[in-house]
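K.L.:
My questions all concern the structure below.
The values are calculated or read from the model by the stated rules, or taken from the named source; none is laboratory data. Keep in mind that this is a model prediction, so the values were computed, not measured. Every residue, glycine as well, gets a Cβ built from its backbone with ideal geometry; the counts of neighbours run over all protein chains shown.
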Amino acid sequence: MNYFASTIYQECKEGHPVCGDAARCLRSKTDTIMLLCDGVGSGIYANIAALTCLGRLSELCTSSLSFLEACSLVANSMHRARTENIPFAAFSAVKVFQNGSFRAYTYESPSPILIRKDGKATALESQRFIKAGYEVLGEYYGTLEKGDRFLMFSDGVSQAGLGNGYLFGIDSKGVAEYITEIQDALPLPLLKKILQMTKDLCGGCCQDDTTLAMLQCREATQLTIVTGPPQGRSKDSEFVNRFIRTPGMHVVCGSTTADIVARELGKELKYKKPGTAFGAPPEYEIEGIDMTTEGAMMLNQVYNILDEPVETLTDATPVERLAKLIHRADVINLFHGRSMNEAHSDLIFKQIGIRPRHIIVSQLEKKLENMGKLVIMVHY
C-alpha cells in the first residue's frame, strides 16, 4: 500500500513573530491532499489571510466538489482582494491518489518540483492554464513511484536572491538544480538545507515568510487493532479472517475479543502477565498475534498518553508499547465490534474515568487523524 508521508518546514520573515504562510495535509482512504497558502504581506495580517485561505480550501477539497472546482472557487474569490481591502493569499495544492497519480494546481505561486528516487529533481511546467473567473490556475499532473517526492513552497524560496545576483530570484529551476546537486534523501534534512540555502542568498536571514511542504511516496507501515465482539456471532469468522489478512502488526484489545480470535484461528489463548496495581492491563498470548490485552481500559490509557513524546515511552507496560506502535504506524486499521458490554455502564467505570468502548474508539479515531495518521475504521 502506498503512503504519502508529509513533511512541512517553515520560518518567519526576519523580525516577525508569526508566519504568513500556512500548510496542511489531509488524508482519506483514496487520496492524500497537501495545501500550502501564502498570505500577502507578512505578520499577523498575512497569517490571518493564509489561515483563512487554508481553512476554505480544506473544507472545499473534502466536500463533494472536484479538486479542480475547489481550487477554482478559492482562486476566483481572491479577485475581489485586488480592489477591496480583504485578505489575499496565493496557494499551491496537490492531490495524490493511492496509485501514485497526482494532480496539482498553483495560484500565484511557484512551480512545484518532482524529485525522483534517484535524487534528480525537476521543476514542473504547467500542462495547461485554467481560467477561474478572472483569475488563472496552473495545472500539473504525473505519477509518484515509491521513493519519489513532490515538493511545493512559498515564494520566500523561489524569490530568494532577488536583487542579489538573481534578477527574479533563484526560481523553481534553481531550487531543483540545488536539490539534484546535494542528493539528500531524508525529507526534513533536505527541507532544512533548502531553507538555509535561501537564507544564504538573502544575506543570512529570511527576507520573506518561507515554507516548504513535501509528500514522499513509500510503503505504508500498517497497524491493525481489533476490539469488541461483532454484533452477531455469525460475523465472527468474517471479522477475524478480515482482521488477520490485513497487512502489518496485529493487536487484540479485549478479553472476549481475544477468545473469539483464538477460537476462529484454532489457537490457544494463554495468560501472559497480570495487570499492575497502577492499572496497567493484563496481557495474553495468541500465536501469530503481536499483542493481546484488555479492551476499554487499554484503549482509554493509550488515548491518555498518545500526546506524550514518543522518546519518553518505554516497553514497561502494554499501554506504552501499543502507544509506540501507533506512533510508528502510518495507517491504523480499527476493527470495531459493536456488541455492547453492559459492564462498561457500571458506576465504577465512570468513577475511574474509563469511557465505554464505542466512545473511546470514536475519540481515538479523531486523535489519530489529528496526529496525521490515515485511520480506516471497520465496524461489525
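K.L.:
In segment 322-336, is there at least one residue being out of contact with any strand residue (DSSP E or B) (no Cβ under 6 Å at 6 or more places or on another chain) and either modelled with pLDDT under 95 or closer than 22 Å to Gly232 by Cβ (or both)?
P.N.:
No, segment 322-336 has no match at all.
K.L.:
Something else now. If I ask for residues that are within 30 Å of Ser72 (Cβ to Cβ) and under 26 Å from the mean Cα position of the chain (by Cα), which ones from segment 117-130 would you list?
P.N.:
Ala121, Thr122, Ala123, Leu124
K.L.:
Hey, another quick one. For residues in segment 245-280 being among the hydroxyl-bearing types (Ser, Thr, Tyr) and modelled with pLDDT under 95, which is surrounded by the fewest Cβ atoms within 10 Å (Cβ to Cβ)?
P.N.:
Tyr271
K.L.:
Please work out which one of (1) at pLDDT below 95; (2) farther than 30 Å from Gly174 by Cβ is the condition Ala70 fails and give its number.
P.N.:
(1)
K.L.:
Still on this structure, please answer the following. Among the residues of segment 317-341, which ones are under 17 Å from Ser6 (Cβ atoms) and either free of Cβ contacts under 8 Å to residues at least 12 places away in the same chain or of a type in the set (Gly, Ala, Ser) (or both)?
P.N.:
Correct list: Ala329 only.
K.L.:
Let me ask another. Return the residues of segment 200-239 that are in contact (Cβ under 8 Å) with a residue 24 or more places away in the chain and under 16 Å from Gly169 (Cβ atoms); say none if nothing qualifies.
P.N.:
The answer is Leu201, Cys202, Gly203, Cys205, Cys206, Gln207, Asp208, Asp209, Thr210, Thr211, Leu212.
K.L.:
Can you name the residue in segment 1-40 that is of a type in the set (Lys, Arg) and assigned to a loop (DSSP other than H, G, I, E, B) and, of all such residues, is farthest from the chain's Cα centre (by Cα)?
P.N.:
Per the stated criteria, the residue is Lys13.
K.L.:
Looking only at residues in segment 98-125 that are closer than 19 Å to Ser66 by Cα and of a type in the set (Ser, Thr, Tyr), which one is surrounded by the fewest Cβ atoms within 10 Å (Cβ to Cβ)?
P.N.:
Residue satisfying both the conditions and the ranking: Ser101.
K.L.:
Could you tell me how many of the residues in segment 119-135 are free of Cβ contacts under 8 Å to residues at least 12 places away in the same chain and either over 23 Å from Phe168 (Cα atoms) or β-branched (Val, Ile, Thr) (or both)?
P.N.:
Residues that pass the stated criteria total 1.
K.L.:
Does any residue of segment 50-70 turn out to be in contact (Cβ under 8 Å) with a residue 60 or more places away in the chain and either under 24 Å from Arg103 (Cβ atoms) or outside the structural domain of Gln98 (by TED's automatic domain parsing) (or both)?
P.N.:
yes
K.L.:
Which of the numbered conditions does Glu264 fail, given that it passes all the others? Conditions: (1) in contact with a Ser or Thr (Cβ under 9 Å, 6 or more places away or on another chain); (2) under 24 Å from Leu364 (Cα atoms); (3) acidic (Asp, Glu).
P.N.:
Only one criterion is unmet by Glu264, namely (2).
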